[in-house]
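Engineer: One structure, pasted below without further comment.
The values are calculated or read from the model by the stated rules, or taken from the named source; none is laboratory data. Since the model is a prediction, treat every value here as computed from it, not as a measurement. Here Cβ is always computed from backbone atoms with ideal geometry, including for glycine, and neighbour counts include all displayed protein chains.
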Amino acid sequence: MSELKNQDCPFCGEKKCTLKEEELDIPYFGRVFVFSMECEGCGARKADVEPAVRKEPCKYTLEVESEEDLNIKVVKSGEATLKIPHIITIESGPASEGYVTNVEGVLERVKKIIESSVDTDEEDGSKDKARNLIKKLNKALVGREKIKIILEDPSGNSAIISDKAQKSKM
């Protein structure tokens with residue numbers, strides 16, 4: 001892994017930013033580069049994943065049906081849109097991060113996003129809806145609720161690595 005410390009932060013301008021690059025070989029996916037930056041000054045963080053070879057746009061769909069499915073590896077680039085029908089759609093954009101995790105990690109990330117909206121939302125109806133979505137995610141995290149995960153990536157740099165995942169063109 002290569003690391004550059006004390007770089008100019010693109011957000012606050014202080015020389016407190018650490019840049020990292022790591023090359024990984026992910027089984028059934030190939031070589032990827034993981035890039036990240038973190039600023040000790042303002043707390044800004046950004047990460048992305050890029051494969052060593054450019055790929056065709058892709059769409060992966062996975063039915064999460066059991067606790068074992070929580071261990072399925074997920075590679076999401078910053079350009080991918082993550083959809084969990086009836087729960088959330090996370091569009092790609094300037095703040096979108098790439099990451100390598102598993103299904104459990106994806107569901108935990110989504111849960112944190114919904115929990116943070118409960119803290120800031122003032123409408124009672126939306127708080128109840130958010131709490132119900134969190135309950136559904138918690139059930140999925142212990143294998144008691146089926147849930148569908150869809151990754152759509154115009155760059156082709158994402159994957160759900162499992163024989164259970166259905167891959168299609170966008």
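Engineer: Where in segment 102-170 are there strands (runs of 3 or more DSSP E), lying wholly inside it, with at least 1 residues that are in contact with an Asp or Glu (Cβ under 6 Å, 6 or more places away or on another chain), touching a residue at least 60 places away in the same chain (Cβ under 8 Å) and not aromatic (Phe, Trp, Tyr)?
Structural biologist: Qualifying strands (runs of 3 or more DSSP E): 147-153.
For every residue, the table says whether it meets (1) crowded, with 18+ Cβ neighbours inside 10 Å; (2) not hydrophobic (A, V, I, L, M, F, W, C).
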{"position": "80", "(1), (2)": "yes, no"}
{"position": "91", "(1), (2)": "no, yes"}
{"position": "97", "(1), (2)": "no, yes"}
{"position": "118", "(1), (2)": "no, no"}
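Engineer: Additional query: Within segment 73-88, how many residues turn out to be farther than 12 Å from residue 58 by Cα, assigned to a loop (DSSP other than H, G, I, E, B) and either of a type in the set (Ser, Thr, Tyr) or under 9 Å from the mean Cα position of the chain (by Cα) (or both)?
Structural biologist: 1
Engineer: Would you please name the residue that is nearest to residue 141 (Cα to Cα), looking only at residues in segment 15-34 that are assigned to a loop (DSSP other than H, G, I, E, B) and at pLDDT 95 or above?
Structural biologist: 16
Engineer: Continuing with this model, one more query. Which count do you get for residues in segment 146-170 that are surrounded by 21 or more Cβ atoms within 10 Å (Cβ to Cβ) and either among the aliphatic types (A, V, I, L, M) or more than 21 Å from residue 52 (Cα to Cα) (or both)?
Structural biologist: Residues that pass the stated criteria total 5.
Engineer: Scan segment 35-72 for residues that are basic (Lys, Arg), in a strand (DSSP E or B) and surrounded by fewer than 18 Cβ atoms within 10 Å (Cβ to Cβ) and jot them down.
Structural biologist: Of everything in segment 35-72, just one residue is basic (Lys, Arg), in a strand (DSSP E or B) and surrounded by fewer than 18 Cβ atoms within 10 Å (Cβ to Cβ), namely 45.
Engineer: Moving on. Could you tell me whether any residue of segment 52-61 is aliphatic (A, V, I, L, M) and touching a Gly at 6+ places or on another chain (Cβ under 7 Å)?
Structural biologist: Yes, that holds for at least one residue.
Engineer: Where the second residue is surrounded by 14 or more Cβ atoms within 10 Å (Cβ to Cβ) and of a type in the set (S, T, N, Q) and the first is within 22 Å of residue 32 (Cβ to Cβ) and in the same structural domain as residue 31 (by TED's automatic domain parsing) and lies in segment 1-20, which pairs have Cβ atoms under 6 Å and are six or more apart or on separate chains?
Structural biologist: Close Cβ pairs satisfying both conditions: 19/7; 20/36.
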